[in-house]
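Here the structure is laid out as structure tokens; the discussion comes afterwards.
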Amino acid sequence: MLLPLSLLFVGAVLTLNGLGMMNRIADKEIVVINLAAAFITGTVAVLSMTGADTPETVKAAALTLLFSLTYLWVGMNRLSGFDGRGLGWFSLFVAISVLPEAAVTLRHATDGMTLWLGLCWACWAGLWFLYFLLLALRWRLERTAAAATLAGGILTAWMPALAMLYGAA
């Protein structure tokens, strides 16, 4: 029920972070959307956990919190000037943790929405793995990461959120 809300802010944070990685938004200014997205998605996860009565709802909240912590960490890195290596290693943890969700969702997809969601999980796993390569291993992938972040924000979160909010999905 709160999925469109979370997706809208995930779309905003990924889109704006992509633009920030392209030097279109200053590091200090990008903090606002990262902290807001961390708070909103974290709150949605906590609210989901209060009524969690199945392992599936607990898993959904846990996976959401992995992304919430990422946005919090990005915001804190921008404020502190940290180099992001810790976030890079955490991004590997996230990528590995969500990859099984992509596989399970795709394997059990019986409709377009479930197929889309499985593909989103796969894209997010790939995107967070890219952050690992960029931040922890220092691979020179800034332009690739920026473009992937921007595209991911628009295609896996922002547009689907709008479709859900306006009843088209």
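Which residues, counting only those in segment 101-115, are surrounded by fewer than 17 Cβ atoms within 10 Å (Cβ to Cβ) and in a helix (DSSP H, G or I)?
Kept after step one, since they are surrounded by fewer than 17 Cβ atoms within 10 Å (Cβ to Cβ), are these residues of segment 101-115: 103-104, 106-115.
Within segment 101-115, Ala103, Val104, Leu106, Arg107, Gly112, Met113, Thr114, Leu115 qualify.
Based on what the data block shows, is Leu87 buried (at least 18 other Cβ atoms within 10 Å of the Cβ), at pLDDT 95 or above, assigned to a helix (DSSP H, G or I) and under 13 Å from the mean Cα position of the chain (by Cα)?
Values: buried (at least 18 other Cβ atoms within 10 Å of the Cβ): yes; at pLDDT 95 or above: yes; assigned to a helix (DSSP H, G or I): yes; under 13 Å from the mean Cα position of the chain (by Cα): no.
No; evaluated as a whole, the condition is false for this residue.
Please work out which residue is nearest to Ile30 (Cα to Cα), limiting yourself to segment 102-154 and to residues that are among the β-branched types (Val, Ile, Thr) and out of contact with any Phe, Trp or Tyr (no Cβ under 7 Å at 6 or more places or on another chain). It would help to see each step written out before you state the result.
At the first step, the residues of segment 102-154 found to be among the β-branched types (Val, Ile, Thr) are 104-105, 110, 114, 144, 149, 154.
Then keep just the ones that are out of contact with any Phe, Trp or Tyr (no Cβ under 7 Å at 6 or more places or on another chain); that gives 104, 110, 114, 144, 149, 154.
On the way: Val104: 34, Thr110: 38, Thr114: 32, Thr144: 19, Thr149: 14, Ile154: 17 Å.
If we take residues in segment 102-154 being among the β-branched types (Val, Ile, Thr) and out of contact with any Phe, Trp or Tyr (no Cβ under 7 Å at 6 or more places or on another chain), then Thr149 is nearest to Ile30 (Cα to Cα).
Counting only residues that are within 13 Å of the chain's Cα centre (by Cα) and open to solvent by 60 Å² or more (accessible area, probe 1.4 Å), which one in segment 116-169 is farthest from Glu101 (Cα to Cα)?
The qualifying residue farthest from Glu101 (Cα to Cα) is Trp158.
Suppose we filter segment 125-149 for residues that are polar (S, T, N, Q) and within 24 Å of Leu106 (Cα to Cα); how many remain? Break it down into steps so the answer makes sense when it comes.
Within segment 125-149, the subset polar (S, T, N, Q) is 144, 149.
Checking which are within 24 Å of Leu106 (Cα to Cα) leaves us with 149.
Qualifying residue count for the region: 1.
The values are calculated or read from the model by the stated rules, or taken from the named source; none is laboratory data. From a predicted model like this one, the values you see are computed outputs, not experimental measurements. We place every Cβ from the backbone using ideal geometry, glycine too, and count neighbours over all the protein chains shown. For accessibility, only protein heavy atoms count, side chains too; no ligands or nucleic acids. Shrake-Rupley method; radii C 1.70, N 1.55, O 1.52, S 1.80 Å.
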